[in-house]
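Where a number appears in this text, it was derived from the coordinates with a stated rule and is not lab data. Bear in mind the structure is a predicted one, so any value in this text is a computation, not a measurement. We place every Cβ from the backbone using ideal geometry, glycine too, and count neighbours over all the protein chains shown.
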Amino acid sequence: MIKEIKLKKGRDESVRRFHPWIFSGAVAVADDSIKEGDIVRVVSREGDFLAYGHYQEGSISVRILSFDESVLPEGEFWFDRIVAARCMRESLAMKNTTCYRLVHGEGDGLPGLIIDIYGEVAVIQAHSVGMFLSRGEIASALEKVYGNALKAVYDKSAGTAPHKAGLDLNDGYLLGSYSDESLVLENGHKFTVNWKEGQKTGFFLDQRDNRFLVGEYSKGRNVLNLFCYTGGFSIYALSCGAERVVSVDSSKSAIEMLERNVDANFNASEVNHISVCDDAIDYLYGVEKGVFDMMIVDPPAFAKHRGALNNALRAYRRLNEAAISKIARGGYLFTYSCSQVVDRNMFYLTVFSAAAATGRNVRILRRLTQPADHPVNIYHPEGEYLKGLLLYVE
């Protein structure tokens, strides 16, 4: 029997507006036998049905899976949601691309779940106990939806599922097996992805559109790609005629994968590329002014929780101030933040402050975000986590 959670009077407005989170402060009554990860039935103070969702400990008490009383989150529910997610991705007509995000949490009505597709392999990340406990059903649904096109389902939740819940957090294959890496295509470019050892699920799929845009601006440019990881931006810049690309990352394994990706896409004589294993910020501080007329600044999340917000904003300001001060006249700066707690306006204001400190004339050419396979639920604007700016610096 599904256990019930009752909300306080007047605290059901956001649920009625289809926001997929119920915060702990809104809960009036919860059965003491409810365990983290359980499916719960959420009702108003008057007893009206509101939603089904996964219960969890913390500030968010319920992540909502269904607002329809007739749609229980079990059995065919997983199949139906994954079919809907796949149909949406197929409608995007991503040409010459074999890697994409299939499920983007709240954006696909599955809060706490990420599924990325790399050719014949699906990689799952659970960010909640409920999704972690549902991995078997999710993997079976993936197998049913994709059939023979899917050879393996890999679970990479050890770094994302709640550690305090006492779960058995060991990454591994839920279905099938594979070599732990695959050569995939993104807009015709080749990338080797290792989901076992790589960051996140193995590749930063959320920068696909921005990588394409970098390519459009790269011809004849001297490009510095900071926090380059395995070289996504670098490959696009080189393929579109950059004069020279310098790629910098502190991870030796990322640099090794970057060099493999360069070799997979070009002959050594075709491109002028230099890879540097160094702290990206230290490297930027040591760059002479005017050497690079295009820079990509795509750091990891400086703030993963609100307690780190102020330090993160200071770090973004220092980083962007250094980049704006060093870039050549007429240079293009692509700058990003993937910190969810740093909202769009905070990031813009921080970059504005950085530009003002340099005294240079800076123009915004474009505001940048995540691609369409990372959809944002219109009722959950918090899902728009990636923000960026394309700046022209005189």
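Just a few scattered comments:
- Shape summary of region 3-66, radius of gyration then Dmax from alpha carbon positions: 10.1, 29 Å.
- Cα radius of gyration and Dmax for region 204-393 (Å): 15.9, 51
- For region 236-341, the fraction of alpha-carbon pairs in successive 5 Å shells from zero, as %: 2, 11, 19, 21, 20, 15, 8, 3, 1, 0
- Debye, to nearest 20: dipole size of the chain, +1 on Lys, Arg Cβ, -1 on Asp, Glu Cβ: 1260
- Among the lysines of region 204-393, pairs at least eight places apart or on separate chains and with Cα atoms under 21 Å apart come to 4.
- Cut-off 12 Å between beta-carbons: net charge of the residues surrounding Asn272, Lys and Arg +1, Asp and Glu -1: 0
- Of Asp80, Asp32, Asp206, the residue with the greatest mean-square motion in the GNM of the chain, using alpha carbon springs below 10 Å, is Asp32.
- For region 136-270, the relative contact order is 16 percent, taking Cα pairs closer than 8 Å that sit 6 or more residues apart in sequence and dividing their mean separation by the residue count.
- Local electrostatic count, Ala356, Cβ distance below 11 Å [Lys/Arg +1, Asp/Glu -1]: +1
- About its Cα centre, the dipole of region 1-80 is roughly 440 debye, where the only charges are +1 on Lys and Arg Cβ and -1 on Asp and Glu Cβ.
- Among Ala328, Ala237, Ala357, the largest mean-square fluctuation in a Gaussian network model of the chain (Cα springs under 10 Å) belongs to Ala357.
- Region 171-217, Cα convex hull volume normalised per residue, Å³: 91
- Percent of Cα pairs exceeding the 20 Å cut-off, where the set is region 15-108: 45
- Compactness index (Cα Rg / 2.2 N^0.38 Å), region 76-184: 1.02
- Stretchable slack from Ala149 to Glu270, in nm (0.36 nm times residue separation minus alpha-carbon distance): 40.1 nm
- The Rg/Rh ratio for the chain, using Cα coordinates for both the radius of gyration and the Kirkwood hydrodynamic radius, is 1.00.
- Stokes-Einstein diffusion of region 89-147 at 4 °C, 1.567 mPa s viscosity, Kirkwood radius from Cα pairs, rounded to a whole number: 107 µm²/s.
- 13 Å beta-carbon shell around Val214, net charge (K/R +1, D/E -1): +1
- Helix 208-217 and the long axis of the chain differ in direction by around 20°, with both axes built from C-alpha atoms.
- Ignoring lysines fewer than eight residues from Lys8 along the same chain, the ones with Cα atoms less than 29 angstrom from its Cα are Lys35, Lys164.
- Furthest towards positive pole of dipole, Tyr100, His163, Ser325, structure part the chain, Cβ charges: Ser325
- Projecting the Cα atoms of Leu113, Ala30, Gly58 onto the dipole axis of the chain, where Lys and Arg carry +1 and Asp and Glu carry -1 at the beta carbon, places Gly58 farthest toward the positive end.
- A convex hull fitted around the alpha carbon atoms of region 152-288 yields 127 Å³ per residue.
- The angle between the Cα long axis of helix 344-358 and the longest principal axis of the Cα atoms of the chain comes to about 20 degrees, rounded to the nearest 10.
- Per residue, the average separation of C-alpha pairs within less than 8 Å and at least 6 apart gives the chain a relative contact order of 11 percent.
- For Lys95 and Lys289, the difference between the fully extended length at 0.36 nm per residue and the C-alpha to C-alpha distance is 66.0 nm.
- Alpha-carbon centroids, region 364-394 and region 32-101: separation in whole Å: 24
- Mean residue ellipticity, 222 nm, helices only, the chain: the sum of -39500 (n - 2.57) across DSSP H runs of n ≥ 4, divided by residue count and rounded to 500, is -8500 deg cm²/dmol.
- The angle separating the long axis of helix 76-91 from the principal Cα axis of greatest extent in the chain is about 30 degrees.
- When each of the peptides 218-228, 4-14 is scored by how many other beta carbons lie within 10 Å of its residues on average, the order from highest to lowest is 218-228, 4-14.
- Region 76-184: relative contact order in percent, alpha carbon pairs under 8 Å with at least 6 residues between: 24
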